[in-house]
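The values are calculated or read from the model by the stated rules, or taken from the named source; none is laboratory data. Keep in mind that what you see is a predicted model, and the values were worked out from it rather than measured. With ligands, DNA and RNA removed, areas are computed over all heavy atoms of the protein, side chains included. Shrake-Rupley method; radii C 1.70, N 1.55, O 1.52, S 1.80 Å.
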Amino acid sequence: MFILTISGKETDGAYSVTDDDGQKILYMFEQEDDATRYAMMLEYDEDYEKEMDVIEVDDELAIKTCKTYNYKYTVITPDDIVIPPKNDNLQKN
């Protein structure tokens, strides 16, 4: 699996989105290409001025960590279409 982080701040947290209920959701991508494309969409958004890095993580460990800390996550498959939300819903955990 692959997650996004802010370039140069990889140890500070991962990219997440805030849902309509105000809860953060970690995006985990099955395919590196999909994560890279999403990062590029973020970088090209004129309101989002941070460069993103794609980092590979252990699937089981990432999901176990989310469950341990009661953190919401979603796995983005190659069949999913995701578009970055407006800037006010972007989070860095």
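Key figures for this structure:
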item: Percent carbon-and-sulfur accessible area, the chain, ignoring ligands, DNA and RNA, probe 1.4 Å; result: 44
item: Over the chain, relative contact order from alpha-carbon pairs under 8 Å, at least 6 apart, %; result: 42
item: Total lysine pairs under 26 Å (Cα atoms) in the chain, excluding pairs fewer than 8 apart on one chain; result: 21
item: Value at 222 nm in deg cm²/dmol, rounded to 500, when DSSP H runs of n ≥ 4 in the chain each add -39,500 (n - 2.57); result: -7500 deg cm²/dmol
item: Å² per residue, accessible surface of the chain at 1.4 Å; result: 67
